[in-house]
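The values are calculated or read from the model by the stated rules, or taken from the named source; none is laboratory data. Owing to the predicted nature of the structure, the values given are computational and were not obtained by experimental measurement. Don't worry about glycine lacking a Cβ; one is built from the backbone with ideal geometry, like all the others, and counts go over all protein chains shown.
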Ligand SMILES: [Zn+2]
């Protein structure tokens, strides 16, 4: 953001302009080895330990295409309803950058492996069809670290370090056609598209799809045109946006900024932009013309990729259920309201609830545990829901004990404590901690008598017909029995004794 950026209120923007979105999403594939060599792809290794002559671009080194990466590319293409090329080639994209040791990136240009597809995106119950222009294969670059400057960027840095472990990791770049007609929902559509694409990638099992580790990165293109004009304005490209929330914020910010420029009668400058997580703004990157000359030419060291139609059909048969359709199916099976389903998905609990239900718990009970007790534990520990230390099978087992009235919800929380502490199975924890609910009338009856004796005024009210007052006595009994009384039976005993 620069000092002369004038931001226009979002409502005013959508009253005067039509936004057009474009999303370019890079997906890092989770193949064991790199795109064109046998180096491992594991994340977090010591810098420059996962390299070889090929991915370092040393003279004479010959690349070989990773078949698993091609398979993943085709499966992604099919899941996005794309056509799969019968024959395509890699191309050299020539440019110099220190984190790209070959001085060209091996990519695809006019012959992508997959093209002409779509993804239907659900936004607040409304479906937007996002047309996919292409999905192509390429390799990742290395990673530069600029040391000594205030911003972590190259300007002002004292020196830069480069790590080539990432150079050559397989990427699939998925490019949409311009998304028009979203209006005020443009930021939400952008977010929903990336979210659903990520879900699809996870369901395909081709990437770990961690936005925070950069294994999915989105470049967000945005332009505005006068409302109803039907043209496309000049676009900017906000690079490497790495969370769903940031995708939404980047679109919203650029819409307000573009409108400020256009309202002033000026032209939007075609450029890349950096997104700033801290305040949700963008700032100028580098100028970008439509016809940048990368001097693409077909890669002479690699043979063309010509997937047979039989193979493509075999891969089509391996596609998982489309995540959006799966959500609709599960909602119907579980009888969840729209709000319950939205909350479950929003909490990242869908798979956990699904596994808990598969392990035998009722859908509402499964949802209750994951969205309340487990969500609280995840929040307290600052971890993902799946890392709280309790598995879906264990949640189902605890619920079984609740259903059998061995424990109640309150005691279940102590069982979860025991599970997190590794004290054994839920049943073992109930036994070891002495948590089982007491429904034996002998013990309960004594506690009820004591509660009546301690609270004569309450007892008198109940005798007089005020049954609602029983709550106070139940509370006293539960306290006496450290929460381990069967509350329903306690209530019955109180009424019996006082009527
Ligand atoms: Zn290598």
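Annotations for the structure displayed:
- Tally of residues being in contact with a helix residue (DSSP H, G or I) (Cβ under 9 Å, 6 or more places away or on another chain), closer than 29 Å to residue 418 by Cβ and not in a helix (DSSP H, G or I) across the stretch 441-486: 5
- Looking across the stretch 40-50, just one residue is crowded, with 21+ Cβ neighbours inside 10 Å and modelled with pLDDT of 95 or more, and that is 50.
- Scanning the stretch 237-247 finds one or more residues that are in a helix (DSSP H, G or I) and either in contact with a strand residue (DSSP E or B) (Cβ under 7 Å, 6 or more places away or on another chain) or on the phi > 0 side of the Ramachandran plot (or both).
- Any hit, the stretch 72-87, residues being assigned by TED's automatic domain parsing to the domain that holds residue 226, without any contact (Cβ under 8 Å) to a residue 40 or more places away in the chain and away from the ligand (no atom under 16 Å from the Cβ): yes
- Enumeration of residues in the stretch 166-183 that are in a loop (DSSP other than H, G, I, E, B) and within 16 Å of the ligand (Cβ to nearest atom): 166, 167, 168, 169
- Residues being assigned to a loop (DSSP other than H, G, I, E, B) and at pLDDT below 95 - total across the stretch 143-165: 11
- Apart from one condition, residue 69 fits all of (1) within 16 Å of residue 312 (Cα to Cα); (2) away from the ligand (no atom under 16 Å from the Cβ); (3) crowded, with 18+ Cβ neighbours inside 10 Å; the exception is (2).
- Listed conditions (1) assigned to a strand (DSSP E or B); (2) surrounded by fewer than 22 Cβ atoms within 10 Å (Cβ to Cβ) are all met by residue 15, apart from (1).
- Helices (runs of 4 or more DSSP H) fully within the stretch 286-387 that include at least 3 residues being in contact with a helix residue (DSSP H, G or I) (Cβ under 7 Å, 6 or more places away or on another chain): 309-316, 323-334, 338-346, 350-358, 363-368.
- In the stretch 31-56, the residues that are closer than 16 Å to residue 106 by Cα form Cβ pairs under 7 Å with partners that are away from the ligand (no atom under 12 Å from the Cβ) and in a loop (DSSP other than H, G, I, E, B), at six or more places apart or across chains, as follows: 36/65.
- Conditions (1) at pLDDT 95 or above; (2) assigned to a loop (DSSP other than H, G, I, E, B); (3) surrounded by fewer than 22 Cβ atoms within 10 Å (Cβ to Cβ); (4) out of contact with any helix residue (DSSP H, G or I) (no Cβ under 6 Å at 6 or more places or on another chain); number of the one not met by residue 31: (4)
- Reported count of residues in the stretch 34-47, each being out of contact with any helix residue (DSSP H, G or I) (no Cβ under 6 Å at 6 or more places or on another chain), within 11 Å of the ligand (Cβ to nearest atom) and in a loop (DSSP other than H, G, I, E, B), is 6.
- Residue 60 meets each of the listed conditions (1) at negative phi; (2) within 16 Å of the ligand (Cβ to nearest atom); (3) without any contact (Cβ under 8 Å) to a residue 60 or more places away in the chain apart from (1).
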